[in-house]
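Asks: Take a look at the following structure, please.
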Amino acid sequence: METLFTRLGFSFFLLYFLVSCDLSLSFSPVDNYLVNCGALLDATVDNRRFVSDSSDSSHSHLSSPQLFSLCAGTLLPGLPPIYHTARVFKAPSKYVFDVKDPGTHMLRLHFHRFSSSQLNLADSKFHVLVNGLVALTNFSGGGSVGPKVIEYLLWFNSEKVEITFLPAEKSKFAFVSAIEVISAPKDLILETAQSVNGDKVENLNKQAFEVMYRVTIGGPKVTPFNDSLWRTWLPDDDYFKSKEGSNRVYFSGRIKYQEGGASREVGPDNVYNSARLIESKNASIPNVNLSWEFPVIEGYQYLVRLHFCDIASISLGLLFFNVYVNGHLAYKDLDPSAVTNYLLASPFFVDLVVDADHSGIVNVTVGPSNKSMAYAVDAILNGVEIMKISNWMGSFDGTLPAESVLKCLPRKRRVGFLLPLIALVCLLLSLSAIIRRRNEKVESVLWSKLPMEVHEISPKQGKQQLSSKV
C-alpha cells in the first residue's frame, strides 16, 4: 500500500512538474493590452481579461471630443460579453497605448453591429488609421451576422500606438467593440520570403500585414482558447476545390516542435495534427492535385504561409511532392524529412509572396512529383495563412495615404481640427501687433525731431551742459 501511494505521489508530482514547465514556457507578451470598449465593467473571454476603457487600469488614453457608450438593448446569448457594448464616436477620436517592446505587434479590432433604442450600429461609416497607416476606409463594422475581428501584424518602433477612428460623413459615426494590442513573438515574421512572380526575394522586415485567411486543413475550427497567440483557425471546407482524390488524416501523437522549424506560436498542435493528403494505395501514382482558392483584392501583394507536418507517412524519406501558388511552381520535390532533419510529425512552414492578378484569387495547390512513390503519401498540407501586405501608399484599403483620408473628412469635422490652429495663429498675430506698438512708442521717446532754429553753443557752454547732465 505504501508503495502504491508513493507511486501515486510521484505521478502527481511529475504531472505537476510537466504542467508547470509547459506554462512557464508559454508565450508571455511584454505589451498586452485588452480593452473592452464602451463597457463599465471588465469582461473575461477565453480566460483573458478585457479591461473597460472607462477604467484607469486599461492603460489606454482615450481622446475624443464627442463619444458615448452603447449597450445592446437585449441579451445576446452565445456571444462573449465584449460584443454586448460598443464605444461610439461622433467626431475624430483615438486610443493611445504605450509601447514597451518595439517590433511586430498583433492588433485586433473587434466589431459587432447591434441595434439599440438609441442607435443602430449598422448605420456607421468610418475610417481607421494606425500610426499613420490606413487600416480601413468607409467601413461599416463588418457583416450583418455576428461579430467581425480584423487582425493586423504591424511593426511599431515608436513609443506610442495611436488608433484613430474618423466618421466618414457628417451624419455618420464610428464605433469599436474591443481592441487588442499584443507583442508578437520574434519568430512570427521572417525577414525575407521568396516571390513566386520571378526569382526575387521580398523583404518582410518592418512590413505591415492584414490577416485575410487563417485556415486549418482537414480539421475542425481552432479557437483562441487552443492557440497560444489567441488566434482563430477556420476549417478549409469553403475554400477546398478538389472533391476527389483526397483523404483527411488526424494524428493523436505528439507534435515534435524543434529549433529551426515552426514553433507552437507559429502554429498550434491543433493545426498540425490534422491534414488533407493524396495517398497511393496501389502501384500507380494518383493523377490528382489538391487545390484551395482564396478571394483577394487585385493590386496588392500577399504573404502566403503554408504549414506542413508529416503525420501520415509510415517511415522517413517516402514523401515527395510539388507546391504551386497561382500556377507557379513554388517548390519541386519538397521532402519534409530533409527539412525536419529526418523527424516525422515535426512541423515547418514556408513563406511565399504573390502578386494578386485580375482573377482576384490566390490558388494554393499540392500534388505528386516525379519522385513520388507508390503505396505512400504523395502530397500533404496542414494549414494556410494569407496576409495582405500594405501598398506603397501605406494603406490596406485603397490608394489614399493617411493625409488624404484626413482631408476627405466633412468640412465641419475639418473645422474642428483647424480651430485650435486658427486660434493659435490669431493669438500669435495679436501678440505681434502689441509688441510692434510698444516698440513704436519706445522709439518715439528715444528719438524726436530737432527744432528748426538751432542756437550756437560755444565749446565752453557745451562742456557745462554735459557736466550738468552728468
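The values are calculated or read from the model by the stated rules, or taken from the named source; none is laboratory data. Since the structure is predicted, the reported quantities are computational estimates derived from the model, not experimental observations. No Cβ is skipped: glycine too gets one built from the backbone with ideal geometry, and neighbour counts run over all protein chains shown. Just so you know, the surface numbers come from the protein's heavy atoms only, side chains and all, with ligands and any DNA or RNA stripped out. Shrake-Rupley method; radii C 1.70, N 1.55, O 1.52, S 1.80 Å.
Asks: Amide H neighbours of Tyr300 under 5 Å, counting only residues 5+ apart in sequence or on other chains, H built in-plane at 1.01 Å?
Replies: Close amide H contacts, sequence-distant or interchain: Ala356.
Asks: Now a separate question. What is the set of long-range amide H partners of Gly383 at a cut-off below 5 Å, with H atoms built 1.01 Å from backbone N?
Replies: So Gly383 has HN proximity to Ile217, His307.
Asks: Another question, then. Tell me the carbon and sulfur percent of the accessible area for region 203-391, rounded to whole percent, probe radius 1.4 Å. List each step's numbers first, then the result.
Replies: Details: 3650 of 7740 Å².
After summing per-atom areas, the C and S share lands at 47 percent.
Asks: Could you tell me the center-to-center distance, by alpha carbons, between region 308-380 and region 209-260 in angstrom?
Replies: 15 Å
Asks: In addition: From the phi of every residue in region 75-83, what ³J(HN,Hα) in whole Hz does the Karplus formula 6.51 cos²θ - 1.76 cosθ + 1.60 yield, where θ is phi - 60° and glycine or proline is x?
Replies: Coupling constants for region 75-83: 5, 10, x, x, 9, x, x, 5, 9 Hz.
Asks: Between Ser315 and Gln118, 0.36 nm times their residue separation minus their Cα-Cα distance comes to what?
Replies: Numbers: separation 197, 0.36 × 197 = 70.92 nm, distance 6.40 nm.
Between Ser315 and Gln118, full extension yields 64.5 nm more.
Asks: Taking the Cα centre of region 203-391 as origin, sum charge times position over the Cβ atoms of Lys and Arg (+1) and Asp and Glu (-1), and report the length of that vector in debye to the nearest 20. Can you show the working numbers first?
Replies: On the way: 16 positive and 20 negative charges, 71 e Å.
The dipole magnitude comes to about 340 debye.
Asks: In nm, what is the difference between 0.36 nm times the number of residues separating Arg254 and Glu298 and their Cα-Cα distance? Don't skip to the answer; put the middle values down first.
Replies: Details: separation 44, 0.36 × 44 = 15.84 nm, distance 4.04 nm.
The span from Arg254 to Glu298 would gain 11.8 nm if fully extended.
Asks: What nm distance separates the two modelled labels at Ala374 and Asp333, each placed 7 Å from Cα along Cα→Cβ?
Replies: Simple spin-label model gives 2.1 nm for this pair.
Asks: Further question: Can you list the HN-Hα couplings for region 239-252, worked out from phi with the Karplus curve (6.51, -1.76, 1.60; θ = phi - 60°), rounded to whole Hz and with x for Gly and Pro?
Replies: Rounded to whole hertz, the list is 10, 7, 10, 9, 7, 10, x, 10, 10, 8, 9, 10, 10, 9.
Asks: Could you tally the net charge around Leu277, taking each other residue with its Cβ under 14 Å from the Cβ of Leu277, Lys/Arg +1 and Asp/Glu -1? Spell out each step's value before the answer.
Replies: On the way: positive: Arg248, Arg276, Lys281; negative: Asp236, Glu244, Glu279, Asp310, Asp378.
Local charge sum for Leu277: -2.
Asks: Hey, any idea what % of region 95-192's accessible area is carbon plus sulfur with a 1.4 Å probe? Write out the running numbers ahead of the final one.
Replies: Numbers: 1630 of 3600 Å².
Using a 1.4 Å probe with all protein chains present, region 95-192 comes out at 45 percent carbon and sulfur.
Asks: When Lys and Arg each count +1 and Asp and Glu each count -1, what net charge do the other residues less than 9 Å away from Ala193, Cβ to Cβ, add up to?
Replies: That sum, taken over residues with Cβ under 9 Å, equals -2.
Asks: Might you work out the accessible area of Lys241 for me, using a 1.4 Å probe with all protein chains in place, and round it to the nearest 10 Å²?
Replies: Only protein atoms counted, so the area is about 110 Å².
Asks: Given a Förster distance of 60 angstrom, what is the FRET efficiency for Thr399 paired with Tyr342, based on the Cβ-Cβ distance and rounded to 0.05? It would help to have the intermediate numbers written out before the result.
Replies: Numbers: r = 49 Å, r/R0 = 0.81.
After rounding to 0.05, the efficiency reads 0.80.
Asks: Excluding ligands, DNA and RNA, what is the solvent-accessible area per residue of region 32-184 at a probe of 1.4 Å, expressed in Å²?
Replies: Working: 6210 Å² over 153 residues.
Value returned for region 32-184: 41 Å² of accessible area per residue.
Asks: Which order do the peptides 340-353, 191-204 take when ranked by the mean count of other beta-carbon atoms within 10 Å per residue, highest first?
Replies: Numbers: 340-353: 19.2, 191-204: 13.9.
Output ranking for 340-353, 191-204: 340-353, 191-204.
Asks: Here's another thing I want to ask about it. Below 8 Å between Cα atoms, with a sequence gap of 6+, how large is the relative contact order for region 32-184 in percent? Working shown, then result.
Replies: Values: 397 pairs, mean separation 46.6, N = 153.
About 30 percent, as a whole number.
Asks: Going by amide H atoms built from the backbone, whose H comes under 5 Å of the H on Phe50, apart from near neighbours?
Replies: Ala43, Thr44, Val45
Asks: In the neighborhood of Arg248, defined by Cβ-to-Cβ distances under 12 Å, what is the net charge if each Lys or Arg adds +1 and each Asp or Glu adds -1? Could the numbers behind the result be given before it?
Replies: Values: positive: Arg276; negative: Asp236, Asp237, Glu279.
So the surrounding residues net to -2.
Asks: Using a probe radius of 1.4 Å on heavy atoms only, what accessible surface per residue do you get for region 203-391? Whole Å² is fine.
Replies: Numbers: 7740 Å² over 189 residues.
The answer is 41 Å² per residue.
Asks: Treating the beta-carbon of each Lys and Arg as +1 and of each Asp and Glu as -1, no other charges, what is the dipole magnitude of region 32-184 about its Cα centre, to the nearest 20 debye? Intermediate results must be reported in sequence, preceding the final value.
Replies: Numbers: 13 positive and 12 negative charges, 83 e Å.
My answer is approximately 400 debye.
Asks: Follow-up. Using the alpha carbons of region 108-181, what is the convex hull volume per residue in cubic angstrom, as a whole number?
Replies: Hull volume over Cα atoms, normalised by residue count, gives 94 Å³.
Asks: What shape does region 247-306 take by its C-alpha gyration tensor, where a ≥ b ≥ c are the square roots of the eigenvalues and a/c under 1.5 counts as rounded, a/b above b/c as prolate, and the rest as oblate?
Replies: Values: a/c = 2.40, a/b = 1.08, b/c = 2.23.
It comes out oblate by the Cα gyration axes.
Asks: Any chance you could run the full-extension gain for Phe68 through Ser26? It's 0.36 nm times the residue separation minus the Cα-Cα distance, nm to one decimal.
Replies: Working: separation 42, 0.36 × 42 = 15.12 nm, distance 3.77 nm.
Full extension of this stretch gives 11.4 nm more.
Asks: Normalised by the number of residues in region 203-391, what is the relative contact order in percent for Cα pairs under 8 Å and 6+ residues apart?
Replies: Details: 479 pairs, mean separation 60.7, N = 189.
Answer for region 203-391 is 32 percent.
Asks: Continuing with the same structure: May I ask you to evaluate 6.51 cos²θ - 1.76 cosθ + 1.60, the Karplus curve with θ = phi - 60°, for each residue of region 398-404 and list the ³J(HN,Hα) values in order in whole Hz, giving x for glycine and proline?
Replies: Values, residue by residue: x, 10, 8, x, 4, 4, 6 Hz.
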